[in-house]
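The values are calculated or read from the model by the stated rules, or taken from the named source; none is laboratory data. Just so we're clear, the structure is a prediction, and the values are computed from it rather than from any experiment. So basically every Cβ, Gly included, is an ideal-geometry build from the backbone, and we count neighbours across all protein chains shown. Note: areas computed on protein heavy atoms with side chains; ligands, DNA, RNA excluded. Shrake-Rupley method; radii C 1.70, N 1.55, O 1.52, S 1.80 Å.
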Amino acid sequence: MMKKNLIAAGILALGVIAAAPASAGNVLTPTQVQNFSLPDLDETFEVFFNGFDESLGMLMSVHWAFEGVATLNNAVFNISGVDQMVGDPNPLSAIWDITVSSPVGLSAMSHLTTPGYTGTVPAGGPTQVGTSGATPISGMAWIENSDPVTLADYIGGVNSVVINFTGMGTQGGSVPDTVFSGNNGTASGTVSLYYDYMERTVPEPLSLALFGLGLAGLAATRRRKQA
């Protein structure tokens, strides 16, 4: 009888151990991506993301990333009515420093420069006399679970992120009095977001079966004792 008791107790213990959920590791949600395209290098825009689905588990952190390119164009406007020589003796060029910022902590900087230009420009304009080409700019930010109050704002619903593009720069080079220089630019790219969470776990069917078998074994042993 002692041997049967030990077997039943062993089965029950195995069932209890197996039924206890294993320690869950952190899981990442699929990345949400929003595109943007800006007609100017001094712009503010807002993108929207779906909030975290708390049925998945416990939200641990929120992660953003910013990837884009910016282009600076140097241009002149000739009001003389005839072709004019520019950039002699000093070639025309422009520089622009871009800063990207956001209340969630996203930040990035980029330095744009157009190559020097010397040549003739037609009457009217604006006439482009140089471009920086597509210059990459990127940044990232995150919020950890050390601030649960802040994380609560990202659960459910729709969340938004505001991105600010600001810049400052100069143009330089030799131009006659009837030619004016200036610049313009564009930017485009993506803002992405994903959530890091602790997965909810439930006992597996096999674990529940072992637990039930252990209980049945102890019950049978008890009935034999009473008989």
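Here are a few things to note about the model shown:
- The residue list T127, F66, A108 was ranked by how far each Cα lies along the charge dipole of region 26-195 toward its positive end, using unit charges on Cβ atoms, and T127 comes out on top.
- Förster radius 22 Å - calculated FRET efficiency between T44 and T127 (Cβ-Cβ, nearest 0.05): 0.15
- Using a probe of 1.4 angstrom and keeping all protein chains present, the accessible surface of region 27-168 works out to 51 square angstrom per residue.
- Taken along the Cα-to-beta-carbon direction at a fixed 7 Å, the label points for N26 and E54 span 2.0 nm.
- Volume per residue that the Cα convex hull of region 26-195 spans, once the total is divided by residue count, Å³: 104
- Between L56, F77, M140, the Cα set farthest toward the positive side of the dipole of region 26-195 (charges on each charged residue's Cβ, about the Cα centre) is that of F77.
- To put it simply, the accessible area of region 26-195 at a 1.4 Å probe is 55 percent carbon and sulfur.
- Contact order for region 26-195, expressed relative to its length and based on alpha carbon pairs under 8 Å spaced 6+ residues apart, stands at 45 percent.
- Order of exposure, largest accessible area first, which applies to W96, W64 with probe 1.4 Å: W96, W64
- If the chain linking T118 and M198 were pulled fully straight, counting 0.36 nm for each residue of separation and taking away their Cα-Cα distance, it would gain 22.7 nm.
- Projecting label points 7 angstrom from Cα along Cα→Cβ for N35 and N184 puts them 2.2 nm apart.
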